[in-house]
Structures are given as C-alpha cells and as structure tokens.
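J.: I have a structure I would like to understand better, so I am pasting it below and will then ask my questions one at a time.
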Number of protein chains: 2
Amino acid sequence: MKFKVVVTPKKAVLDPQGNAVRDAMRHLGMPEVQSVRVGKCLEIDVAGGSVDLETRLHGLCRDLLSNPVIEDYALERNGMAPKTTARSRSKRR
Amino acid sequence: MKFKVVVTPKKAVLDPQGNAVRDAMRHLGMPEVQSVRVGKCLEIDVAGGSVDLETRLHGLCRDLLSNPVIEDYALERNGMAPKTTARSRSKRR
C-alpha cells in the first residue's frame, strides 16, 4: 500500500528557501511569480494493511517526519485525494 | 494561479535520505515499511495566466527546480490531477 506525505512550512513561518527560489524564478524569465513555498514529499511503500496502520503512520508523521512547531503535514493514500489529510495542529496530543 | 511541482529522485537513483527514513520508521514501530523515497514539493503562486505560462514553467522546472540527470518532476495546476505532468525525460531539449 502506498502513502504520500507532504510536509510544508506553516503559513506563519518564514521560508527562506522558498524566497530564494522565487527570486531565482523572477530573474529567469518569470517575473509574475508571487510566492514559492518549499516542502518535503515522501513516498512510503507499506506491506500489508493492518487496521491501525494509518493511525500509526499519523503518529510517525508527527513525531519523525515533520516538526509540528513549524510544519504541517498531509497524509494521502495511494495518490488519492487527501481524505485522510490531517494537520499536525489538530492531531497533537 | 497556483501550481505544485513535485521533484522526486529517479527510480534508478539511490536515495540515502529515503533509506535513512525507512530504517528510522522500522525502528519506531512500523516494521512493515518497504521503501521510502524523499523528494521536494514546491507550491508556486503565479499572478495572471498568460498562454505560454505552463511552457515557461516546464522550462524552469527542468533548468532550475530539478536536476534532470537524477530527478523527475511533475507539474500540477491548482492541486488538480497531474494532467500536465511531464517527466523531465520527455521534455528534454
């Protein structure tokens, strides 16, 4: 079973890497670029599919794959629409 | 207009970062993880929408945002299904 995790910096957090990319794109022929945010994208291949798989995966997204202080994450299954998306805010214990 | 660019390492290329994440996930209670690939995810906000916008964006994806030797990219518009997806292979000039 394949999962996709997208980790993005929170809106309120500065993204210097994104700003550098934005400036570079503006200089390379796309002056209409307004903003760029850079995040991580993880493709995870999991064998089998136990009942609490997604719960445990959400736990690892929060504890290992993202930093809930400055990042949000979204968890999608099989490249489907992110029905199971969860922001770290709402999943924090 | 919002675009999303996902840059992933090619299948044939080793991904040590992904392997490190896979091993960490296995040690932290998910032994069923088979593989992890780590890529970049860029959210790009563009003002207006000229005709050749996507063409120019594909050019920048190839020249600036990805390394076509070891990476593939996918370009999606507005979080829609990647109809406009293009692998760097097929778009190389």
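The values are calculated or read from the model by the stated rules, or taken from the named source; none is laboratory data. Just so it is clear, the structure is predicted and the values come from calculations on it, not from any experiment. Cβ coordinates were reconstructed from backbone atoms using ideal geometry, including for glycine residues, and neighbour counts include every protein chain displayed. The protein model used for the area step is the full one, side chains on, heavy atoms only, and it has no ligands, DNA or RNA in it. Shrake-Rupley method; radii C 1.70, N 1.55, O 1.52, S 1.80 Å.
J.: Is it the case, given these coordinates, that A:Met1 is at pLDDT below 95 and either open to solvent by less than 30 Å² (accessible area, probe 1.4 Å) or in contact with a His (Cβ under 7 Å, 6 or more places away or on another chain) (or both)?
T.: no
J.: Can we say B:Arg56 is within 11 Å of chain A (Cβ to nearest Cβ), among the basic types (Lys, Arg), at negative phi and part of a helix (DSSP H, G or I)?
T.: So B:Arg56 passes the test.
J.: Same structure again: Of the residues that sit in the stretch B:13-50 and are under 15 Å from the mean Cα position of the chain (by Cα) and over 22 Å from A:Arg37 (Cα atoms), which one is surrounded by the most Cβ atoms within 10 Å (Cβ to Cβ)?
T.: The extreme case among them is B:Val36.
J.: Also, I was wondering about something else. Identify all residues within the stretch A:1-49 that are of a type in the set (Asp, Glu) and at the interface with chain B (Cβ under 9 Å from one of its Cβ atoms); write none if there are none.
T.: Selection gives A:Glu32, A:Glu43, A:Asp45.
J.: Further, regarding this structure: Which residues, counting only those in the stretch B:1-57, are among the charged types (D, E, K, R), in contact (Cβ under 8 Å) with a residue 60 or more places away in the chain and within 15 Å of A:Met30 (Cβ to Cβ)?
T.: Hit for the stretch B:1-57 is B:Lys2, nothing else.
J.: Out of all the residues in the stretch A:60-75, is one or more among the aliphatic types (A, V, I, L, M), touching a strand residue (DSSP E or B) at 6+ places or on another chain (Cβ under 8 Å) and more than 23 Å from B:Tyr73 (Cα to Cα)?
T.: yes
J.: While we're here: Among the residues of the stretch A:67-92, write down those that are modelled with pLDDT of 90 or more, closer than 25 Å to A:Leu14 by Cβ and open to solvent by 10 Å² or more (accessible area, probe 1.4 Å).
T.: Residues satisfying the conditions are A:Asn67, A:Pro68, A:Val69, A:Ile70, A:Glu71, A:Asp72, A:Ala74.
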